[in-house]
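Since the structure comes first, as structure tokens, the remarks are kept for the end.
Only the coordinates and a few stated rules stand behind these numbers; no lab work does. If you're wondering where the values come from, they're calculated on a predicted model, not measured in any experiment. Methodologically, a virtual Cβ is constructed for each residue, glycine included, from the backbone with ideal geometry; neighbour enumeration extends over all protein chains shown.
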Amino acid sequence: MSDTLQRLEATIAARRCADPDASYVAKLHKRGLSKIAQKLGEEGVETVIAALAGDRQELVGEAADLLFHLLILLGAKDVLLKEVLAELDRREGTSGIAEKASRKTD
């Protein structure tokens, strides 16, 4: 597996404090967490639409956008990608049904 996501995470962190007129990441951060979350939601919907439309290349592009915006949101909340990966590692080998059942319910 490549370290593409780790490199992207570092680039996003570096650009958070850049000039919002020159950096999309800085512009999103300037607009706040609500806007970042909204963009992530939009990209999620676009990914689903691309998957249902059956256009493979469109799905690849939308999935890339979704991951990019997820990393922006995680960075805005000071959550490191390695924390998310550790959680996935923890869940490895556990049935999805069993894992979900083990979570607290409100």
- DSSP-loop trypsin sites (Lys or Arg not before Pro) across the stretch 1-47, with at most 16 other Cβ within 10 angstrom: Arg16
- Item | Sparse-neighbour loop sites [trypsin sites (Lys or Arg not before Pro); the stretch 42-106; at most 16 other C-beta within 10 Å; DSSP] | Lys77, Arg103, Lys104
- Message: With unit charges on the beta carbons (Lys and Arg positive, Asp and Glu negative) and the dipole taken about the Cα centre of the stretch 4-92, which residue among Ile36, Ala14, Thr4 sits farthest to the positive side?
- Response: Ala14
- Message: Quick check for you: which residues of the stretch 66-98 have the amide N under 16 Å from the point 7 Å beyond the Cα of Asp3 toward its beta carbon?
- Response: 81-83
- Query: Can you pull the semi-axes for the stretch 4-92, root of five times each eigenvalue of the Cα gyration tensor, sorted largest first, whole Å?
  - Reply: 22, 19, 12
- Starting with the fewest neighbours, write out Glu83, Glu43, Glu58 ranked by other beta-carbon atoms found within 10 Å of each beta-carbon. Glu83, Glu58, Glu43
- Task: Would you tally the net charge around Pro20, using a Cβ to Cβ cut-off of less than 13 Å, leaving Pro20 out, and scoring K and R as +1, D and E as -1?
- Result: +4
- Would you mind working out the magnitude of the charge dipole of the chain relative to its Cα centre, with +1 at each Lys and Arg C-beta and -1 at each Asp and Glu C-beta, to the nearest 20 Debye? 400
- Query: What does the charge count near Ile72 come to, summing +1 for each Lys or Arg and -1 for each Asp or Glu among other residues with Cβ under 13 Å from its Cβ?
  - Reply: +3
